[in-house]
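**Student:** Questions regarding the structure given below will be posed in turn.
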Amino acid sequence: MNLIQVNKIDFELFFIGTTVTQNLCEGSIAGSVAGNKFQLNLVIGLDEAGDQKINVFSLLPYPMYPKGKKIWFNTKRCSLNKQITTILIPFINLPIIKQLSVSISFFITLISGLWNNRSKQCIVLVYNVFSPFSIPVLLATRLFNCKSVAIIADLPFDDYDFKGLKGILQRIDFYVQTHIISKFSGVIGLTSKIISEFAPLLPSIVIEGGIDIIDEGTTFSIPKKDKEIICLYSGALNEINGIKLLLDAFNLISEVDFRLWILGDGPLSCLVEQAAELDNRIVYWGKVSNQQAKICQREATVLINPRPSDNKIAKYTFPSKLLEYLLSGRPVISTRLPGIPEDYNPHLIFLETETSHDLAVLIQEVCLGDTYDIDTIGTNGRKFVVSKKNWTCQSKSIHDFLITL
């Protein structure tokens with residue numbers, strides 16, 4: 001079957017997730033910028049990939065009470081672009097009740113959408129297999145004999161500590177999430193390990209993410225001294241992402257012209273603030289907009305992804321920051337994570353031994369030595385992601401996968 005025939009198949013797409021505008025996501029402490037960008041670009045890409053209509057139903061990212069003060073959220077429409085509008089489902093923002101109300105709302109909203117399109121072939125995609133999302137999707141698609149596809153970007157390895165009474169509920173949810181994957185019609189995983197370990201018999205495709213090369217304009221500017229050698233990290237500040245390793249490594253670098261820029265927020269932000277107070281070469285930017293982060297990345301000498309490869313979640317995740325890093329056109333130092341596809345290897349400088357000493361040595365070799373042609377490495381990395389990992393290509397691959405189910 002050729003592409004023209006494929007695009008003429010009459011089917012309807014439904015997308016269940018937390019998709020909102022990027023501005024709305026960045027304005028919420030509960031929103032994941034990387035996760036929202038993935039969803040937003042995928043939804044827009046799928047809409048452009050074929051003739052089918054895409055219906056988007058979303059849960060508004062908002063912290064649970066009492067961290068978030070608002071309790072009742074009504075149905076609301078939110079325009080993602082000129083063509084696509086998401087329906088924000090109603091829910092009650094109280095512990096336990098929130099999960100139940102989200103499940104019921106997604107189920108009712110999806111049932112209504114499937115009923116209105118019952119004469120068509122329908123495919124329902126759900127972003128991650130969090131129980132209040134995945135269970136209503138599976139129930140609704142079973143009722144209407146539709147295809148269901150799980151997009152697995154995150155599993156709750158890093159969110160749950162499995163301690164105390166709350167830990168019992170976490171274990172139950174963890175079991176449900178990891179065992180419910182095999183009930184779907186197909187799986188889209190960020191890494192091959194997700195598929196091989198949790199859904200080896202299902203139709204599947206690996207899509208680690210993509211880059212959006214359109215939204216590059218900004219009015220944000222940064223003063224930079226000619227002699228400064230800027231090492232940059234952007235992302236969540238937690239142990240999983242290797243912040244301690246990076247700070248320890250930079251502490252071993254004595255050259256006064258080196259700078260360490262850290263952008264982001266998280267549990268270890270206090271540790272970063274303390275390091276910046278002790279060493280004036282460390283600049284902690286705090287949480288910045290995605291556009292500001294892109295400008296900082298382009299100003300840097302080298303970008304660093306210090307996430308430990310031996311962490312239990314490493315084989316199930318792909319650090320989305322690598323795509324943005326490579327897009328900047330600057331060289332990227334990274335640990336050799338099992339979730340990084342092999343076609344990235346020529347464009348990354350790998351830290352083979354994950355110690356602070358070895359990272360410090362590698363940073364200095366990259367920035368000061370003759371071993372690496374950093375401008376060529378950076379340019380080739382950008383060409384790679386622009387041509388091979390843009391969302392037009394990635395969405396086309398997913399679209400072609402969906403019509404084979």
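The values are calculated or read from the model by the stated rules, or taken from the named source; none is laboratory data. These figures come from a predicted structure and were not determined experimentally. Cβ placement follows ideal geometry from the backbone for every residue including glycine, while neighbour counts extend to all protein chains displayed.
Residue-wise test of (1) surrounded by 14 or more Cβ atoms within 10 Å (Cβ to Cβ); (2) under 15 Å from residue 345 (Cα atoms); (3) assigned by TED's automatic domain parsing to the domain that holds residue 343.
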position	(1), (2), (3)
366	yes, no, yes
379	yes, yes, yes
383	no, yes, yes
396	yes, no, no
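**Student:** Look through 375, 343 and report the one residue that is outside the structural domain of residue 156 (by TED's automatic domain parsing), acidic (Asp, Glu), at pLDDT below 95 and assigned to a helix (DSSP H, G or I). If you could, list the steps in order and put the result at the bottom.
**Tutor:** On the way: 343 fails: at pLDDT below 95.
It is 375.
**Student:** Now for a separate question. If you take just the strands (runs of 3 or more DSSP E) that sit entirely in the stretch 72-162, which of them hold at least 3 residues that are surrounded by 21 or more Cβ atoms within 10 Å (Cβ to Cβ) and under 24 Å from the mean Cα position of the chain (by Cα)? It would help to see each step written out before you state the result.
**Tutor:** Numbers: elements: 76-79, 85-88, 121-127, 147-152.
Of the strands (runs of 3 or more DSSP E) lying wholly inside the stretch 72-162, those with at least 3 residues that are surrounded by 21 or more Cβ atoms within 10 Å (Cβ to Cβ) and under 24 Å from the mean Cα position of the chain (by Cα) span 121-127, 147-152.
**Student:** Which of the numbered conditions does residue 345 fail, given that it passes all the others? Conditions: (1) without any contact (Cβ under 8 Å) to a residue 60 or more places away in the chain; (2) within 21 Å of residue 239 (Cβ to Cβ).
**Tutor:** (2)
**Student:** Can you tell me which of 98, 67, 76 is assigned by TED's automatic domain parsing to the domain that holds residue 169, in contact with a Leu (Cβ under 7 Å, 6 or more places away or on another chain) and among the basic types (Lys, Arg)?
**Tutor:** Details: 98 fails: in contact with a Leu (Cβ under 7 Å, 6 or more places away or on another chain); 67 fails: in contact with a Leu (Cβ under 7 Å, 6 or more places away or on another chain).
Just one listed residue meets the conditions, 76.
**Student:** Has the stretch 25-46 got at least one residue that is touching a residue at least 40 places away in the same chain (Cβ under 8 Å) and part of a loop (DSSP other than H, G, I, E, B)? Before the answer, list the steps.
**Tutor:** Applying the first criterion (touching a residue at least 40 places away in the same chain (Cβ under 8 Å)) to the stretch 25-46 yields 26, 33-35, 37-46.
Adding the requirement that they be part of a loop (DSSP other than H, G, I, E, B) leaves none.
There is no residue in the stretch 25-46 that is touching a residue at least 40 places away in the same chain (Cβ under 8 Å) and part of a loop (DSSP other than H, G, I, E, B).
**Student:** From the list 402, 362, which one is within 25 Å of residue 188 (Cα to Cα), crowded, with 20+ Cβ neighbours inside 10 Å and aliphatic (A, V, I, L, M)? Show your work before the answer.
**Tutor:** Values: 362 fails: within 25 Å of residue 188 (Cα to Cα).
Answer to the check: 402.
**Student:** Still on this structure, I have one more. Give me the pairs, please: first residue somewhere in the stretch 190-202 and within 15 Å of residue 319 (Cβ to Cβ), second residue anywhere and of a type in the set (Phe, Trp, Tyr), beta-carbon distance under 7 Å, and either six or more positions apart or on two chains.
**Tutor:** Partner pairs satisfying both residue conditions: 190/318; 191/316; 191/318; 193/316; 194/316.
**Student:** Any chance you could count how many residues in the stretch 324-336 are surrounded by fewer than 22 Cβ atoms within 10 Å (Cβ to Cβ) and in contact (Cβ under 8 Å) with a residue 60 or more places away in the chain?
**Tutor:** Of the residues in that region, 0 qualify.
**Student:** Select from the stretch 65-116 the residues that are among the aliphatic types (A, V, I, L, M) and without any contact (Cβ under 8 Å) to a residue 24 or more places away in the chain and write down the one among them that is nearest to residue 41 (Cα to Cα).
**Tutor:** Applying the first criterion (among the aliphatic types (A, V, I, L, M)) to the stretch 65-116 yields 71, 80, 84, 87-89, 92, 94, 96-97, 100, 102, 104, 108, 110-111, 114.
With the extra rule that they be without any contact (Cβ under 8 Å) to a residue 24 or more places away in the chain, the set shrinks to 71, 92, 96-97, 108.
Numbers: 71: 30, 92: 28, 96: 31, 97: 31, 108: 26 Å.
Ranking the candidates gives 108 first.
**Student:** What are the residues in the stretch 386-399 that are under 15 Å from residue 190 (Cα atoms) and more than 16 Å from the chain's Cα centre (by Cα), if any?
**Tutor:** 397, 398
Yes/no matrix, rows are residues, columns are (1) modelled with pLDDT of 95 or more; (2) out of contact with any His (no Cβ under 8 Å at 6 or more places or on another chain); (3) in a loop (DSSP other than H, G, I, E, B); (4) surrounded by fewer than 20 Cβ atoms within 10 Å (Cβ to Cβ):
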position	(1), (2), (3), (4)
220	no, yes, yes, yes
230	yes, yes, no, no
237	yes, yes, yes, no
248	yes, yes, no, yes
275	yes, yes, no, no
280	yes, yes, yes, yes
283	yes, yes, no, yes
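**Student:** Here is a follow-up. Condition first: surrounded by fewer than 16 Cβ atoms within 10 Å (Cβ to Cβ) and farther than 20 Å from residue 28 by Cβ. Now tell me which residues in the stretch 252-270 satisfy that.
**Tutor:** Within the stretch 252-270, 252, 254, 255, 256, 257, 270 meet the criteria.
**Student:** Can you confirm whether residue 51 is surrounded by fewer than 13 Cβ atoms within 10 Å (Cβ to Cβ), within 26 Å of residue 402 (Cα to Cα) and acidic (Asp, Glu)? Reasoning before the result, please.
**Tutor:** On the way: surrounded by fewer than 13 Cβ atoms within 10 Å (Cβ to Cβ): yes; within 26 Å of residue 402 (Cα to Cα): yes; acidic (Asp, Glu): yes.
The answer is yes for residue 51.
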